[in-house]
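Just below is one structure, and these are the notes that go with it.
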Amino acid sequence: MSSLLSDRQKDDLHKAMLSYLHSAGLHDTYEALKRETDNGEFEVDDPKAKWVGLLEKKWTSVIRLQKKIMDLEARNAALLAELASPTRATSSSSSSSTPFLPRAPARHTLTSHRSPITKVAFHPTWTVLASASEDSTVKIWDWESGDFERTIKGHTKAVTDVDFDSKGTMMVTCSSDLTIKVWDPANEYKNTKTLHGHDHSVSTVRFTPDGEKLVSASRDKTIRVWEVASGYCVRTFTGHAEWVRQVVPSDDGRWLVSCSNDQTSRIWDFSNGETKMELRGHEHVVECAEFAPVSAYTAIRELAGLTSTAGDTRAKSPGAFVATGSRDKSIMLWDAQTGQCLRTFNGHDNWIRALVFHPTGKYLLSASDDKTIKIWDLTTGRCVKTVEAHGHFVTCMAWGRATLGGGTEGVNGDAKVNGEATKTEVRRINVLATGSVDQTVKIWTP
């Protein structure tokens, strides 16, 4: 029977085994293996050799993967049992009627960074969370188990943002070192591209929905559009008078929203780089801005008294409403088409650092330097819950969604049981991650 390993792989394996046997004090076996594998000149003096500790690392990785497989098999068995149950529709509807809102204590507190956390981002399909930090690194975690997986190094200064493309095939980061880097999650997060062009710290970088371009914002007052395949900067948007803190594409990629130290937020036409609307109203630096999802439009219209959608060409189109958060301690909700401020949310005692809309569209969540997360009912505009989240400023926040039961969009999908087509409800577990100046990342789940 032919070996599955190449000659080089065999040699590396033999040396890894020799290294392990020597470190474990099994000297007779060590000497015998040296003779039988023709490694008489093998030395263990070099602690940086690639085979040193290799067996131990591989063994622990296998154990972790086996645990994941067992967890997935148990989950699959539970889902199959639920699918076969005649009462599954009732149980699903009852659980979905109560949307997940974070509550203390957090499920996991992740510690490994040595400086404040700047951003967190969920992989779209894996149970993976990436956290960026001022310590110049990105760390990868299994958010379900809370296990640390790896540290990604490459930037020389603070990493200011991290994002995955919609398929999870690429990860992008940006830094105060003026660079943007693209990484390959499937190849041990190898750095595949480094993009140069900004003249000052890069504040934010995001993939467009199609994954073909990147948009970045910088302290050099510009927004740049990059082609992922070539790494070239293809457009530069100018208009802000100060540091651009953040830029976010709409779900359909037609619009961008940005915010700046110049106390304004802007809506941009992505196709031509023109400013469509300038949002003025905050009295300090605008730290964050987010487009409202279409699922939130009904609640926002009720809140603002916009009862009629007649003549509104964007009634169901992404990019119609925007929320902004500022150092003036307020959150503003805007009509992106008219520039009108629909509602101001007041309640935090310090800077607003991050905003996310609840997946149901019923709530807006805000994170602040007052160490809390606040949950706002979009129908009434009231704060319905305050969570004491961290021991220091809460700097970032992100939603992740784990799909259970198959499907791709979180709606009903077809499946087959005993060869017969049946309608199954795709269930998604919502998960929230927050990062803080206290150097921890927290995972909040139902």
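Just so you know, all these numbers are worked out from the coordinates, no wet-lab data involved. Being a predicted model, the structure only gives us computed values, none of them experimental. Using ideal geometry, Cβ is built from the backbone for each residue, glycine included, and neighbour counts are taken over all protein chains shown.
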Counting other Cβ atoms within 10 Å, keep those with at most 14, restrict to DSSP loop, and tell me which GluC sites (Glu not before Pro) in segment 169-237 are left.
GLU188, GLU212
Pop the C-beta distance of GLN66 and GLU227 into the FRET formula with R0 = 35 Å and round what comes out to the nearest 0.05.
0.30
Projected label distance in nm at THR236 and ALA186, using a 7 Å step from Cα toward the beta-carbon
3.5
Just to confirm a number: summing +1 for Lys and Arg and -1 for Asp and Glu over residues other than ALA24 whose beta-carbon lies under 14 angstrom from that of ALA24, what do you get?
-3
Between helix 54-84 and the chain, what is the angle of the helix's C-alpha long axis to the longest principal axis, kept within 0 to 90° and rounded to the nearest 10?
50
Out of all DSSP beta bridges with both ends in segment 99-149, state the antiparallel percent to the nearest 5.
100
Return one number: the angle in degrees, 0 to 90 and rounded to the nearest 10, between the long axis of the Cα atoms of helix 7-23 and the longest principal axis of the Cα atoms of the chain.
80
For LYS167 and THR37, calculate 0.36 nm times their separation in residues minus their Cα-Cα distance, and state this gained length in nm to one decimal.
42.4 nm
The long-range amide H neighbours of HIS392, using H built 1.01 Å from N in the peptide plane and a cut-off of under 5 Å, are ASP438
Under the 0.36 nm per residue contour assumption, what length would be gained going from the current alpha-carbon distance of LYS153 and HIS27 to full extension?
41.7 nm
Which net charge results when you count Lys and Arg as +1 and Asp and Glu as -1 among the other residues whose beta-carbon is under 11 Å from that of VAL387?
+4
For q values of 0.07 Å⁻¹, compute log₁₀ I(q)/I(0) with the Debye formula on a Cα-only model of the chain, without solvent.
-0.42
For the chain, with the dipole built from +1 on Lys and Arg beta-carbon atoms and -1 on Asp and Glu ones, taken about the Cα centre, which of LEU178, LEU355, GLY197 lies farthest toward the positive end?
LEU355
Note down the nm distance, to one decimal, between modelled labels 7 Å out along Cα→Cβ at THR194 and at GLU212.
2.9
Just want to confirm a number: the relative contact order over segment 102-444, from Cα pairs under 8 angstrom separated by 6+ residues, in percent.
14
Treating the angle as unsigned and between 0 and 90°, give the value, to the nearest 10°, between the Cα long axis of helix 27-36 and the longest Cα principal axis of the chain.
80
Using a simple spin-label model with points 7 Å from Cα along the Cα→Cβ vector, what separation in nm is obtained for THR360 and LYS10?
6.2
Under a Gaussian network model of the chain whose springs join Cα atoms within less than 10 Å, the largest fluctuation of ASP165, ASP252, ASP28 belongs to ASP28
Work out, in µm²/s and without decimals, the Stokes-Einstein translational diffusion coefficient of segment 315-372 at 20 °C, 1.002 mPa s, Rh from Kirkwood over C-alpha pairs.
178
Choose one answer from GLY40, GLY400, GLY325: the residue with the largest mean-square fluctuation in a GNM of the chain with alpha-carbon springs under 10 Å.
GLY40
